[in-house]
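Only one structure is covered here, and it is reproduced in the block below.
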Amino acid sequence: MLAMGAMKFLHSEAGKKIMPFITLLFCILLISFVIWIVLNYIEYQNKNQKKEENNEAQNSNGFNIGKCHNCGYENNSTNNFCTNCGAKLTKNELS
């Protein structure tokens, strides 16, 4: 019964005047939903990428690894000097 009443309304003059508004509203809702899905997917990918970067930054001993500014060698976070070239390592390189 409700569907019949809705169909009668949409075929009336008032329904024909409001139909473009309803169509526009539906399109806006659909576009908003798609944007929401894309933004959630991007956020999910960023979280996974950060997790992977953190996992890669740890060696088998569980120490964080940082690259030397001088030679690019990967050193444990417990080192104060580069194992390869002997350059002094800063906290920024090891974190």
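Data overview
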item	result
Criterion (without any contact (Cβ under 8 Å) to a residue 60 or more places away in the chain and within 30 Å of ASN79 (Cβ to Cβ)) met by exactly one of ASN40, ASN48	ASN48
Only listed residue being modelled with pLDDT of 85 or more and among the aliphatic types (A, V, I, L, M), chosen from ALA57, ALA87	ALA87
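The values are calculated or read from the model by the stated rules, or taken from the named source; none is laboratory data. Quantities reported herein were computed from a predicted structural model and do not represent experimental measurements. Glycine also receives a Cβ, built like all others from the backbone with ideal geometry; neighbour counts cover every protein chain displayed.
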